[in-house]
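The next block holds one structure in the form of C-alpha cells; read it before the comments.
The values are calculated or read from the model by the stated rules, or taken from the named source; none is laboratory data. Computed from a predicted model, the values in this text were never measured in an experiment. Ideal geometry is used to build each Cβ from the backbone, glycine not excepted, and the neighbour counts take in all protein chains shown.
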Ligand SMILES: Cc1cc2nc3c(=O)[nH]c(=O)nc-3n(C[C@H](O)[C@H](O)[C@H](O)COP(=O)(O)OP(=O)(O)OC[C@H]3O[C@@H](n4cnc5c(N)ncnc54)[C@H](O)[C@@H]3O)c2cc1C
Ligand SMILES: Nc1ncnc2c1ncn2[C@@H]1O[C@H](COP(=O)(O)O)[C@@H](O)[C@H]1O
C-alpha cells in the first residue's frame, strides 16, 4: 500500500517538518510519494526528492496552489488520494488546515497528531492536552493522518526520487489570499531548535524579552512564549508554545516567568532537559523541571547571560 | 444574516484528568464539565456580530448526550437566540459532528458558521474544516479577527488567521465556515437575569436519524494510558550551580 506525504514548504524551501513526516510514513511501511503543491516550487521538489525513503515526488506547480489555500489544496489531494492507503501531513497550521478537509471529502475520519505507529492502522496520539495517550485504530480504507513532528526523528538525505508533474488544477472562486504578516527572525525555527528559551507573563512586557534574546544568542536558541505573554501583547502568536500553539521537544528548554499551566506543559514536557526560572517556589513548572531556580528573573537572566 | 455556532461539552479546562484503571478511557465520573473554551469564543463572536447589526439571529448547536443541553443553555444565556440539540449517546468525534452540522446548515441556511478550532478533550482540530468540505463552503481556520461586509449573494468575510509563521488574512465569499483561535475575543460571563431568560428560549431536540446522518466515530479507541511521568528534578541555589549542572551533569551546553 502506498503513502502520500504532503510536503511543507515556505518561501521556496522545503520545511524541516517534512523529513519527520516521511519518518512516520516509513514506520507505517510502503511506497512513499511526496506531494509538493505550490507556485514556483521546483527547488522544494528537488529537496523532497533527496529525502531518504521517498520513492517519487509529485509536483503541482500552479498559481492555484500559491499560499496553500485549503479549498484548492484539499481538492487536489482528494483527487490523488484514491491511489493511496494513507495520506500524511505535519500537524502544522497548514497540515491542520488542509487535511481534515481532505478526510471529509473522502468521507473518512482523520487521526490527528500521531506520535507513534503501532501498525498500519493503529496509532498513538495525545489527548486532553497530552494528559493521556490514546491508542486508536482506524476502520477506514483510507487513513488521513497528521503527524506530530516531535514524535518521529527526521529521515536523512541521500535519496534520489524521481519527480513528476501533476497537471490537475483545482479551481477556487470561494477564497482569496489578501496578505501575510510573517515574523522575521534570524533565529532557528521553534519546532526545530535544539534549545528553546521561553518567557511568560512574568516577563512583564515585550521589551523585557530582550533579556531572553541575549541568552538565546549565546545558545543558538529559538525564543518561545506562553499564551499569557502572547495575549498580553508582549510577543506575536507565532512564538506560542503549548496545547494550542507549537509543540517543541528540544534538548534544552528554559522556561522563564512561566507558571506551568497544563496547556503550556502540553507543548514542551517532552523536552530532554527542562530548566525553570520562577520567583514562586510553588509554581507547577518546577514539578516538570530537571533544574529549578527560584529567583527573580530580572536578577537571574543578566547573570545567566554573562556566565554562559 | 443567520449565524450558526457549534458548541461542544467537554471537561473543564482546569481539571486534571485521570485515566480509568482498566485503561479504557479517561474517567469523567463526577468531573466538572463546561463549554469548550474555543466554543465560548465562537458564541461571543456570533453575539457581537448580532450586537453590531451584522447578524440577525444566532443559533447554537451541539451534538451529544442529554447533559450537553447545559452548554446550549449557557450559549443562550450568552446571547444566542435559539438552540438545536442533536442528541446522541455514542462517542461522537469530529466527522460525525460535522455531518450533523452539515445537515443543519442545509436546513438553516446560515450566512456564517462559527466553530472552535479544537475541542480540548480529543484535541482533534478537524470539525470546522470537515464541515466546510461537506457543505462545499470556504473555510478560515484559527481566526483572530473576523470582519463581515455586505450580505446576501455578494457578502464577504475577511479573516485574519494565526498561522505558524505569523498572521494570514483571507477573504471568503459568504456563506463561510470560521474556526476561532484564543485571541479572537474575550468571552463575557453570563449574568443571572440572562441565565433565567435563557431557560425560556427555544431549544429543539433532534436525533441523528431525524437528520439522516450517522454520527458514531469510526475510529476505535483501543486503549488510554497516562503519559510517561517526568521525574521531578532538583532545585539549584544559584545561576553558577545551574550553569555547572547544565554543562557537567546534563551535558546540554
Ligand atoms: C483552551 C486554552 C488553551 C490554552 N493554550 C495554551 C497554550 O498553548 N500555551 C500556553 O502557554 N498557555 C495556554 N493557555 C493558557 C494557560 O492556561 C495559562 O493561562 C498560561 O499558560 C499562563 O501563562 P504564564 O505561565 O506565562 O502566566 P502566569 O500563570 O500568570 O505565570 C506567570 C509566572 O511568572 C512568575 N513571575 C512573575 N514575575 C516574576 C519575576 N520577576 N521573576 C520570576 N518569575 C516571575 C510568577 O511566579 C508566575 O509563576 C490556554 C488556555 C486555554 C483556556
Ligand atoms: N459534538 C459536537 N457538537 C457540536 N460542536 C462540535 C462537536 N464536536 C466538535 N464541535 C465543534 O468543532 C470544534 C472543533 O472540534 P474538533 O475538531 O472536534 O476538535 C469545536 O470547538 C466545536 O465548535
Do we find that residue A:69 is more than 8 Å from every other protein chain (Cβ to nearest Cβ), within 21 Å of the chain's Cα centre (by Cα) and within 25 Å of residue A:170 (Cα to Cα) in this structure?
no
Name, by its number, the condition in (1) more than 16 Å from the chain's Cα centre (by Cα); (2) within 16 Å of ligand 1 (Cβ to nearest atom) that does not hold for residue B:147.
(2)
Of the residues in segment B:115-130, those that are more than 7 Å from every other protein chain (Cβ to nearest Cβ) and closer than 17 Å to residue A:70 by Cα come to B:115, B:117, B:127, B:128
Quick one: is residue A:185 outside the structural domain of residue A:270 (by TED's automatic domain parsing) and out of contact with any helix residue (DSSP H, G or I) (no Cβ under 7 Å at 6 or more places or on another chain)?
yes
Tell me, which residue of segment A:242-268 that is farther than 21 Å from residue B:39 by Cα and within 15 Å of the chain's Cα centre (by Cα) is nearest to ligand 1 (Cβ to nearest atom)?
A:267
Is it the case that residue B:98 is within 11 Å of ligand 2 (Cβ to nearest atom), surrounded by fewer than 24 Cβ atoms within 10 Å (Cβ to Cβ) and part of a helix (DSSP H, G or I)?
no
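Among the residues of segment A:219-231, is any more than 22 Å from the chain's Cα centre (by Cα) and surrounded by fewer than 22 Cβ atoms within 10 Å (Cβ to Cβ)?
No, because not a single residue in segment A:219-231 is more than 22 Å from the chain's Cα centre (by Cα) and surrounded by fewer than 22 Cβ atoms within 10 Å (Cβ to Cβ).
Look through segment B:50-71, keep the residues that are touching a strand residue (DSSP E or B) at 6+ places or on another chain (Cβ under 9 Å) and in a loop (DSSP other than H, G, I, E, B), and return whichever of them is surrounded by the most Cβ atoms within 10 Å (Cβ to Cβ).
Filtering segment B:50-71 for residues touching a strand residue (DSSP E or B) at 6+ places or on another chain (Cβ under 9 Å) gives B:50, B:52, B:54-71.
So of that shortlist, the ones also in a loop (DSSP other than H, G, I, E, B) come out as B:52, B:54-56, B:65.
On the way: B:52: 9, B:54: 21, B:55: 23, B:56: 13, B:65: 14.
Among those that are touching a strand residue (DSSP E or B) at 6+ places or on another chain (Cβ under 9 Å) and in a loop (DSSP other than H, G, I, E, B), it is B:55.
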Take segment A:197-216 and flag every residue that is away from ligand 1 (no atom under 13 Å from the Cβ) and within 14 Å of chain B (Cβ to nearest Cβ).
A:197, A:214, A:215, A:216
Segment A:125-146, residues that are in contact (Cβ under 8 Å) with a residue 40 or more places away in the chain, more than 7 Å from chain B (Cβ to nearest Cβ) and either on the phi > 0 side of the Ramachandran plot or crowded, with 24+ Cβ neighbours inside 10 Å (or both)
A:143, A:144, A:145, A:146
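Listed here are the residues, each with its yes/no results for (1) closer than 23 Å to residue B:162 by Cα; (2) crowded, with 18+ Cβ neighbours inside 10 Å.
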site	(1), (2)
A:119	no, no
A:123	no, yes
A:161	no, yes
A:185	yes, no
In segment B:123-144, which residue that is surrounded by fewer than 24 Cβ atoms within 10 Å (Cβ to Cβ) and outside any helix (DSSP H, G or I) is farthest from ligand 2 (Cβ to nearest atom)?
B:136
Within segment A:159-196, can you find the residues that are within 16 Å of ligand 1 (Cβ to nearest atom) and within 11 Å of another protein chain (Cβ to nearest Cβ)?
A:190, A:191
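Matching residues to (1) touching a helix residue (DSSP H, G or I) at 6+ places or on another chain (Cβ under 8 Å); (2) modelled with pLDDT of 95 or more; (3) within 16 Å of ligand 2 (Cβ to nearest atom):
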| residue | (1), (2), (3) |
| --- | --- |
| B:4 | yes, yes, yes |
| B:9 | yes, yes, yes |
| B:14 | no, no, no |
| B:28 | no, no, yes |
| B:35 | yes, yes, yes |
| B:39 | yes, yes, yes |
| B:44 | yes, yes, yes |
| B:50 | no, yes, no |
Condition first: within 7 Å of another protein chain (Cβ to nearest Cβ), touching a helix residue (DSSP H, G or I) at 6+ places or on another chain (Cβ under 6 Å), without any contact (Cβ under 8 Å) to a residue 60 or more places away in the chain and more than 28 Å from residue B:115 (Cβ to Cβ). Can you find one or more residues in segment B:222-234 that meet it?
yes
Among residues of segment B:176-196, those that are more than 9 Å from every other protein chain (Cβ to nearest Cβ) and either in a strand (DSSP E or B) or crowded, with 22+ Cβ neighbours inside 10 Å (or both), counted:
5
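Every residue, every condition in (1) within 30 Å of residue A:20 (Cβ to Cβ); (2) away from ligand 2 (no atom under 16 Å from the Cβ), yes or no:
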residue: A:206; (1), (2): no, yes
residue: A:226; (1), (2): yes, yes
residue: A:240; (1), (2): yes, yes
residue: A:251; (1), (2): yes, yes
residue: A:255; (1), (2): yes, yes
residue: A:266; (1), (2): yes, no
residue: A:275; (1), (2): yes, yes
residue: A:282; (1), (2): no, yes
residue: A:306; (1), (2): no, yes
Here the residues within segment B:197-218 that are touching a strand residue (DSSP E or B) at 6+ places or on another chain (Cβ under 9 Å), surrounded by 11 or more Cβ atoms within 10 Å (Cβ to Cβ) and in a loop (DSSP other than H, G, I, E, B) are B:201, B:207, B:213, B:215, B:217, B:218
Going by the structure shown, is residue B:66 on the phi < 0 side of the Ramachandran plot, within 14 Å of another protein chain (Cβ to nearest Cβ) and within 14 Å of ligand 2 (Cβ to nearest atom)?
no
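Under the condition of being within 11 Å of chain A (Cβ to nearest Cβ) and either in contact (Cβ under 8 Å) with a residue 24 or more places away in the chain or within 24 Å of residue B:78 (Cβ to Cβ) (or both), which residue from segment B:1-17 is nearest to the chain's Cα centre (by Cα)?
We begin by selecting, within segment B:1-17, every residue within 11 Å of chain A (Cβ to nearest Cβ); these are B:10-11, B:13-17.
Add one more test, that the residue is either in contact (Cβ under 8 Å) with a residue 24 or more places away in the chain or within 24 Å of residue B:78 (Cβ to Cβ) (or both), and what stays is B:10-11, B:13-15.
Numbers: B:10: 9, B:11: 12, B:13: 12, B:14: 16, B:15: 17 Å.
So, considering only residues that are within 11 Å of chain A (Cβ to nearest Cβ) and either in contact (Cβ under 8 Å) with a residue 24 or more places away in the chain or within 24 Å of residue B:78 (Cβ to Cβ) (or both), the one nearest to the chain's Cα centre (by Cα) is B:10.
When residues of segment B:85-101 are filtered for being farther than 16 Å from residue B:121 by Cα and without any contact (Cβ under 8 Å) to a residue 40 or more places away in the chain, how many remain?
Within segment B:85-101, the first condition is being farther than 16 Å from residue B:121 by Cα, and the residues that meet it are B:85-89, B:98-101.
Of the ones still in play, those that are also without any contact (Cβ under 8 Å) to a residue 40 or more places away in the chain are B:89, B:98.
The qualifying residues number 2.
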